[in-house]
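The values are calculated or read from the model by the stated rules, or taken from the named source; none is laboratory data. Since the structure is predicted, the reported quantities are computational estimates derived from the model, not experimental observations. Methodologically, a virtual Cβ is constructed for each residue, glycine included, from the backbone with ideal geometry; neighbour enumeration extends over all protein chains shown.
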Amino acid sequence: MQLKESQVAVLEAASADEATSVDALAGATDLPPETVTGAAFELEEEGLVAIEERVDETISLTDEGTTYADERLPEVRLYEAALEAGADDAPVSMGQVIGASGLEGPQVDIALSNYARKGYGSIDSGEITADPDADPSADAEANALEALSGVDDAPVDSVDVDAETLEELDRRGLLERTESTVREVTLSELGVTELMAGVETAETVGQVTPELLTSGEWEGVEFAEYNVEADAERFEGGRVHILRQTADRVKDVLVGMGFQEMEGPHVDADFWINDCLFMPQDHPARTHWDRFALEEPTHIDDLPEDLVERVERAHREGVGDDGEGYHSPWDEDFARALALRGHTTSLSTRYLSGEEIGEIEPPARFFSVEKVYRNDTLDPTHLLEFFQIEGWVMAEDLSVRDLMGTFEEFYAQFGITDIEFKPHYNPYTEPSFELFGTHPTTGELVEIGNSGIFREEMLEPLGVECDVMAWGLALERLLMLMYGFEDIRDIHGTLCDLELLRETEVTY
Amino acid sequence: MPTVDIDPDELRELTGREEKSDDELKDDLFGLGLEYEGQTEDGAFELEFAPDRLDRLSVEGVARSMRYQYGDARGIHVPSPNSPEWTIVVDDSVPEERPYVTGAVIRDVDLDEESLESLIQLQEKLHATMGRKRAKGAIGIHDLTMLKGSAATEGNPTIEYVGVEPDGDRFVPLDSDAEMTPAEVLEDHQTGQTYADLVSEYERYPAIYDDLGLFSFPPVINGRRTEVSTDSRDLFVEMTGTDQWTIDKMLNIVCYALAARGATLEEVRVEYPNGESGGRELVRPDLSTKTKSVSHDRIETILGIDLDPDEVIDLAERSGLEAEKREGGADGDDLVYVVTIPPYRVDVLHPLDVIDDLGRAYGFNDLEPKYPDVGTVGGRHERSRLEDSVRTQLVGLGFEDLLNFHMISEAENFDRLEIAPDDEVYGAGEPPAIKGPYSEDYTMLRTWVTPSLLMVLERNTHRAYPQNLAEIGFTAAVDDSENTGVAERRRVGAVLASHEAGYEDAKARLQALCRRFDVDLETPPTDHPTFISGRTASVMIDGEAVGVIGEVHPKVLVEHDLEVPVAGFEFDLEALR
């Protein structure tokens, strides 16, 4: 039969008559013991050898034990110093005896704690007495130390010390016990038979090389086996950012629902960000506390003049026969002021006005997943800049039911069903709804978006003559719902933790 | 979102629904759009409110809405105030920035601790919302018995709204024992300091006088003499502001709240001087109603359901409105309702707002969702497709994709990378600057991506290397040729950080990327302070200099606490188009 080289060596070195230890086989075959063990197990599997295992206990002195074997036990040294000082007659001051003994540091405590235990005398109120009948030469522990001196990893049954004394030395930390598994190999009958019939060495190969392939040699070789269970070196490789991946998922869903993507400036005039949205200029969200106004540059160059006029009229007078405007100031200079957009609805107003890609004919659906900027406090759930999902549908006669149906469809794609619609107020939509959904893990009702039908005061100046319903939500919110992240700052921004990004489970 | 505190016991008492449990109340409140946020120490509900229904900023208004919701009240109730006794005369000296005033007298109030607290809360919430932190409208409520009006016109007492010198008359403001001039109040009194900005630019400060002297310094603080307590029986309410409609509406809300507590309203005359407004004389509160014409067809299309006219009228009455059918229009079958709006409503600008009320009364959550039956074709924007395809390639080349902030500080963007805004190097440029930034970490938009990548490396020195990071990121620079004055560009930035990272590694990946997009790459040597001289090149794609590639300079590495070499490149995304 053909066997691996190491198996052949072990088989030949083993005997049918007596068990040979792995170490002995390693010596005989000149192979490392672990290779021998591996080969022996493989042979056992083939039924060619038998393996017997037993656990051997060996002992050695610790460094401390070796020291006491040389210098004698501290309590013995204390006893001898006490005798010297005459403590067998009358108590002697402990300080004097210790000084004379030459004991130092922790050894003093060790001596004192074992002195009385072993009957060398007693210690009382700082004085020491010595028992004249005590015999250090009969001290079992001292004798054991002497017997073990110079012994290294001796099998426990090979030393002439009783178990009780060994236990005591172990307790005192003077002794080290080591357990090791010893395996012994014996040839089986089948092994003997096969050996007689002749065993050949099969050649093993480590690496597949060009030579091996071109020469055709690969046909006659056996490949060295690897430990295929072992962990390989850690490898990172490239990976799309988890938030980006979520954004792409959202985009996929929306494109699938017939939405077209918008894009436009991050720095924009308040006109597009707020005025076109029928947000009164003295609305609290438009104060400098909430928005990032720009110091440089300060104002937009051009705005479509007639649109500005229509928007101003809507703000001041309202729209329609029965319309009323806001009782708020309106200043074109403020409308022209530049800021980082606080929502991507600025893209919607640009598209709806026809300025971006020309007049849009209904029906139409548009979306964006883009960054917005809010002057908030940075905390685990709020960032100064985050992604907003924005979408709108333009058609004749849209109803609240259409709006609800669209959102149910959208959120269902992310596993969020049972949406609740809470009537809400936005300056630019009526009716308006906050959308609530059940958190997939906590079961809590959480806000997952804001929506509504755009007001006529917004649409009429933009020249839109049919209905438009819209909604928005923070992408980060959806991400946190989907993954259960606790601190958004670990994910998005320069404070991110690469490890977290690397470890986050891929979803699809 | 703003919140209002409502005592559930008071709510039960005012709605007459003693049997409602706290949880039932919470559900009913959610239906009104008032979301339960938590509880105060005194056990009151903290409710989040949307700032349209400002008539629900106190327990009285919330109770009124709930009575409509329960069907215990229907239609419109308008209190009838008694004829005016008191007059507010507006003097010529009133600051032109704050010319308007309104007022009302409230008799026979019965204030206990709770109702006084509720009144104070209502005042505060109105200040915060409609009053725009008192800038647009400010409320002063006084104990009427402490006022002495001179009998200017046949026994009718008068008080005067005037403008005073900042260092003129003295009075004792609330929460103080000392007499102060208005200027001293702004300087030394805590409330004065809070609201000083509202009037400090005025030449003359607004003030209200009775015969005994100055008793109110709007919009800052009232005098102590007329302070309202639980012993007060009759009240004088005055409001000043920058817009008559706004303060009149605020007044209506306060009047309705007090009338709900059983008080009697009494009108007040307001006489403006013979100026631009031509000696206008008003009688307030103005409790007139207004109407909106709402088409039946529009109601049905917005709600998406068919409704009987009787149902519409019923829904209107349950919303605290009144609706009347009017067969109108040229073809005669255009059904329209004339809907009457009560005087405390400030949010009804358009017929659509009425439809929203009808929907709420119907119960929006009772509507059955349906997917709109309109077909459209979806698609991605070209720029976002380009970004995505470049990102896919970068990930394939072994980069970990990042997403960093667009806002940054000057130090991070320039100084720590050894460049200045006006340097003639890639990445420099005048940044769009944020006005009055609150955090010194975020003062401008970044002009390039590499600084953000180095910040991530700096933050992650304890994580395993190699760290090969890339970002296709937004950058911006001031550019007069753009309509917004800002050129917004996407750039492709990449860094390789590991013990063996070098120029070649970066170049190899850049080459691969360019090959895949079939563009021609050249890298002539250049100098850039961020990178090591002699190991830096300009990225030229199809003959145009669009970026930089190199090994990051040790000075920059040490500045970022990095102990491994870093090579990287950055170039304009557009170059791959």
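When you check residue A:199 against the structure, is it within 26 Å of residue A:63 (Cα to Cα) and not polar (S, T, N, Q), yes or no? Taking the combined requirement at face value, the residue does not satisfy it. Residues of segment B:485-505 that are surrounded by fewer than 23 Cβ atoms within 10 Å (Cβ to Cβ) and under 49 Å from the mean Cα position of the chain (by Cα): B:485, B:487, B:488, B:489, B:490, B:498.
Residue B:120 meets the conditions (1) in the same structural domain as residue B:249 (by TED's automatic domain parsing); (2) under 30 Å from residue A:450 (Cα atoms) in every case but one. The failed one is (2). Answer yes if at least one residue in segment A:417-426 is touching a Leu at 6+ places or on another chain (Cβ under 7 Å) and touching a residue at least 40 places away in the same chain (Cβ under 8 Å), and no otherwise. Among the residues of segment A:417-426, not one is touching a Leu at 6+ places or on another chain (Cβ under 7 Å) and touching a residue at least 40 places away in the same chain (Cβ under 8 Å), which makes the answer no. Yes or no: residue B:288 surrounded by fewer than 23 Cβ atoms within 10 Å (Cβ to Cβ) and within 30 Å of residue A:320 (Cβ to Cβ)? For residue B:288, the condition - surrounded by fewer than 23 Cβ atoms within 10 Å (Cβ to Cβ) and within 30 Å of residue A:320 (Cβ to Cβ) - is met. A residue that is in contact (Cβ under 8 Å) with a residue 60 or more places away in the chain, more than 14 Å from chain A (Cβ to nearest Cβ) and under 30 Å from residue B:83 (Cβ atoms) can be found somewhere in segment B:286-302. Every condition in (1) surrounded by fewer than 15 Cβ atoms within 10 Å (Cβ to Cβ); (2) not in a loop (DSSP other than H, G, I, E, B) is met by residue B:306 except one, and the failing one is (2). Selection of segment B:180-190 for residues being closer than 11 Å to residue B:221 by Cα and crowded, with 17+ Cβ neighbours inside 10 Å yields B:182, B:185, B:186, B:189. Does segment B:445-452 contain at least one residue that is of a type outside the set (Ser, Thr, Tyr), touching a residue at least 40 places away in the same chain (Cβ under 8 Å) and under 17 Å from residue A:244 (Cα atoms)? Yes, because at least one residue in segment B:445-452 is of a type outside the set (Ser, Thr, Tyr), touching a residue at least 40 places away in the same chain (Cβ under 8 Å) and under 17 Å from residue A:244 (Cα atoms).
Among the criteria (1) out of contact with any helix residue (DSSP H, G or I) (no Cβ under 7 Å at 6 or more places or on another chain); (2) more than 20 Å from residue A:496 (Cα to Cα), the one residue B:452 does not fulfil is (2).
Checking each residue in segment B:356-379 for being facing chain A (nearest Cβ under 7 Å) and touching a residue at least 24 places away in the same chain (Cβ under 8 Å) picks out B:359, B:360, B:367, B:370.
When B:387, B:430 are checked against the criterion of being modelled with pLDDT of 95 or more and either over 30 Å from residue A:250 (Cα atoms) or among the aromatic types (Phe, Trp, Tyr) (or both), B:430 stands alone in meeting it.
Just a yes or no: is a residue in segment A:294-304 surrounded by 22 or more Cβ atoms within 10 Å (Cβ to Cβ), touching an Asp or Glu at 6+ places or on another chain (Cβ under 9 Å) and touching a residue at least 40 places away in the same chain (Cβ under 8 Å)? Within segment A:294-304, none of the residues are surrounded by 22 or more Cβ atoms within 10 Å (Cβ to Cβ), touching an Asp or Glu at 6+ places or on another chain (Cβ under 9 Å) and touching a residue at least 40 places away in the same chain (Cβ under 8 Å). When segment B:387-444 is filtered for residues that are touching a residue at least 40 places away in the same chain (Cβ under 8 Å), within 12 Å of chain A (Cβ to nearest Cβ) and assigned to a loop (DSSP other than H, G, I, E, B), the ones remaining, listed by number, are B:397, B:398, B:399, B:402, B:403, B:404, B:405, B:406, B:430, B:431, B:432. Could you list, in sequence order, the residues of segment B:44-91 that are in contact with a Phe, Trp or Tyr (Cβ under 7 Å, 6 or more places away or on another chain), at pLDDT below 90 and not aliphatic (A, V, I, L, M)? Of everything in segment B:44-91, those that are in contact with a Phe, Trp or Tyr (Cβ under 7 Å, 6 or more places away or on another chain), at pLDDT below 90 and not aliphatic (A, V, I, L, M) turn out to be B:51, B:52.
Residues in segment A:469-486 that are among the charged types (D, E, K, R) and either in contact with a Ser or Thr (Cβ under 7 Å, 6 or more places away or on another chain) or within 14 Å of chain B (Cβ to nearest Cβ) (or both): A:476 alone.
Restricted to segment A:442-468, and to residues there that are β-branched (Val, Ile, Thr) and in a loop (DSSP other than H, G, I, E, B), the residue that is nearest to the other protein chains (Cβ to nearest Cβ) is A:464.
Screening the candidates A:252, A:268, A:248 for the property of being outside any helix (DSSP H, G or I), at pLDDT 90 or above, within 10 Å of chain B (Cβ to nearest Cβ) and over 30 Å from residue A:18 (Cβ atoms) yields one hit, A:268.
Of the helices (runs of 4 or more DSSP H) entirely within segment A:19-76, those holding at least 2 residues that are over 41 Å from the mean Cα position of the chain (by Cα) and of a type in the set (Val, Ile, Thr) occupy A:22-29, A:63-71.
Of all residues in segment A:204-231, those satisfying the criterion of being surrounded by 12 or more Cβ atoms within 10 Å (Cβ to Cβ) and of a type in the set (D, E, K, R) are A:217, A:222. Taking segment A:271-310 as the range and being within 7 Å of another protein chain (Cβ to nearest Cβ) and out of contact with any helix residue (DSSP H, G or I) (no Cβ under 6 Å at 6 or more places or on another chain) as the test, the residues that pass are A:282, A:288, A:292, A:293, A:294, A:295, A:296, A:297, A:301, A:302.
The set of residues from segment A:423-445 being farther than 19 Å from residue A:274 by Cα, of a type in the set (D, E, K, R) and crowded, with 20+ Cβ neighbours inside 10 Å comprises just one member, A:434.
Here is a yes/no grid of residues against (1) over 15 Å from residue B:146 (Cα atoms); (2) β-branched (Val, Ile, Thr); (3) modelled with pLDDT under 95; (4) surrounded by fewer than 22 Cβ atoms within 10 Å (Cβ to Cβ):
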| residue | (1), (2), (3), (4) |
| --- | --- |
| B:204 | yes, no, yes, yes |
| B:213 | no, no, yes, yes |
| B:225 | no, no, yes, yes |
| B:254 | yes, yes, no, no |
| B:260 | yes, no, yes, yes |
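The residue list A:229, A:211 contains one member that is more than 11 Å from every other protein chain (Cβ to nearest Cβ), farther than 30 Å from residue A:454 by Cβ and outside any loop (DSSP other than H, G, I, E, B), which is A:211.
Let's see how each residue does on (1) at pLDDT below 85; (2) part of a helix (DSSP H, G or I); (3) more than 52 Å from the chain's Cα centre (by Cα):
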residue	(1), (2), (3)
A:128	no, no, yes
A:147	yes, yes, yes
A:165	no, yes, no
A:192	no, yes, yes
A:196	no, yes, yes
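Count of segment B:365-388 residues, restricted to those that are in contact with an Asp or Glu (Cβ under 9 Å, 6 or more places away or on another chain) and among the hydrophobic types (A, V, I, L, M, F, W, C), is 2. Report yes if some residue within segment B:330-351 is surrounded by fewer than 21 Cβ atoms within 10 Å (Cβ to Cβ), polar (S, T, N, Q), at the interface with another protein chain (Cβ under 10 Å from one of its Cβ atoms) and over 30 Å from residue B:558 (Cβ atoms); otherwise report no. The answer is no; no qualifying residue exists.
One residue alone among A:448, A:419 is buried (at least 22 other Cβ atoms within 10 Å of the Cβ) and of a type in the set (Val, Ile, Thr), and that residue is A:448.
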